Amino acid sequence: MLDIRFIRENKELIALAAKKKRIAFKVDALLKIDDERRALLATIEKKRAEQNEQSDKIAGGGMAERVALIMQMKEAKEALQKDEERMKEIMRDWQKLMLEVPNIPDISVPEGKGEEDNVEVETRGEKPNFPFTPKNHLELMTALHMADFERGVKAHGFRGYFLTGDGAELSWALWNYARAFFGKKGFTPFIAPAVLKKEYFYGTGHLPKEADDLFKTQDDDYLSGTAEVAMMAYHADEVLREEELPKRYLAFSPCYRREAGSYGKDTKGLIRVQEFFKLEQLILSKADHADSAALHEEINRNFEEFLESLRLPYRRLLICGGDLSASKVKQYDTEAWFPSQNAYRELSSASYYHDFQTRRFNIRYQAKDGKKHYAYSLNSTAVATPRIIAALVENNQRADGGITVPEALRKYLGKDVITPVR
């Protein structure tokens with residue numbers, strides 16, 4: 001959410017942001033209802049002040065004067081109640097439009113209509129050159145008893161899976177390695193809840209747009225698809241100290257998403273599942289664009305270094321305006337190579353928001369001069385399982401059907417090779 005004063009003073013910039021993000025938002029409609037809100041608020045405040053004056057006069061006047069004043073106050077009270085009811089209606093419409101205001105994209109965000117226009121800015125790592133036809137992760141993991149997809153569908157339904165044996169061990173190895181890897185970069189570890197109040201999904205910008213992709217509880221709460229939501233809620237309505245910033249958090253949580261918009265896509269395997277686990281990087285920083293941009297590069301690079309340590313080939317995409325969500329200033333996606341598909345697939349997303357989220361969460365900090373400012377927020381995937389397991393298995397497969405374990409994971413998994421079951 002942007003400051004309404006900023007919106008009023010920069011309506012052309014907001015219109016350009018909506019155009020670049022391909023969002024159908026009319027800033028003039030918001031400003032019109034904001035004019036109504038401001039005018040009615042002034043009227044209500046004036047009437048309340050007049051009521052207070054009348055109350056003082058009643059207390060000090062004679063009987064006849066008091067009766068007349070009481071009648072006047074009754075009429076004034078009824079008029080005030082009508083104005084207050086009208087204000088409730090206006091505020092509902094005003095708040096709805098405020099939630100639709102897009103954040104201003106960074107100047108480096110490219111033009112584009114959708115994901116087909118995202119820009120590849122870098123590729124790293126050597127793609128494996130197999131002397132045999134590579135198998136996909138379903139074939140490999142089923143044969144190695146690392147996963148059971150048939151029983152997963154029986155137990156969970158569509159997109160269900162079990163990780164078994166070395167599949168489960170590999171997942172634990174990845175979590176433990178990621179915890180050590182990112183711990184060296186100054187992140188404080190958390191285990192975060194996944195069931196969260198609905199208001200916090202509005203705070204991060206996941207609602208209302210992603211309502212169809214979220215699981216909902218009978219208590220009108222939601223299951224989160226990322227620890228970002230919980231970690232932003234962690235400091236809601238708090239005032240931090242400038243010297244505390246930046247705060248670096250590494251949060252682990254189960255994650256859930258319905259995949260409502262992906263029917264027919266990746267229906268088998270571990271690429272697109274409804275229940276998964278993730279470690280998320282989240283940073284709260286000072287209200288400084290240069291710092292925020294630098295931290296964004298840092299957390300994205302952290303994940304790239306993590307992939308490099310696992311010797312996974314990858315590419316970085318700069319997300320174009322039409323594929324950039326309303327809440328974000330800039331976003332990178334990092335995609336790993338999948339030999340069986342002869343394509344890159346997303347493993348991480350790194351974004352920054354300026355104060356778009358922190359205004360909704362009311363997260364501020366007190367600067368050294370005593371002034372209070374809204375903090376800036378950033379987040380990026382640290383590792384998400386089981387999708388990365390699919391990439392590791394495919395890129396490290398052997399002619400005998402086994403899997404070479406990346407050196408960085410060997411001490412956590414306790415073996416160098418996952419061998420075929422005889």
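Read-outs throughout are calculated quantities, based only on the coordinates presented, and are distinct from any laboratory measurement. Computed from a prediction, not measured in an experiment: that's the story for all the values here. Cβ: placed from backbone, ideal geometry, glycine included. Neighbour counts: every protein chain shown.
Structure above, values below:
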| quantity | calculated |
| --- | --- |
| On Cα atoms only, tilt of 11-20 relative to the major axis of the chain in degrees | 30 degrees |
| Using alpha-carbon coordinates, inclination of helix 166-183 to the longest axis of the chain, degrees | 60 degrees |
| Calculated FRET efficiency for the pair ARG398/ASN176, C-beta based, R₀ 22 Å, to 0.05 | 0.35 |
| For VAL405, residues with placed amide H under 5 Å, excluding near neighbours | VAL417, ILE418 |
| Whole-angstrom gap from region 286-340 to region 164-216, using each part's C-alpha centre | 17 Å |
| Above-threshold pairs, the threshold being 31 Å between Cα atoms, out of LYS216/LYS372; LYS46/LYS209; LYS197/LYS330 | LYS216/LYS372; LYS46/LYS209 |
| Nearest 10 degrees, 0 to 90: helix 63-100 Cα axis against the chain principal axis | 20 degrees |
| Tail fraction, Cα-Cα pairs, the chain, threshold 37 Å, whole percent | 35 percent |
| Calculated [θ] (222 nm, deg cm²/dmol) that DSSP helices of n ≥ 4 give over the chain, each run adding -39,500 (n - 2.57) | -13500 deg cm²/dmol |
| Amide hydrogen neighbours beyond the local backbone of ALA382, cut-off 5 Å, H modeled | LEU279, GLU280, GLN281 |
| PHE215 long-range amide H proximity, modeled H, under 5 Å | LEU223, ARG258 |
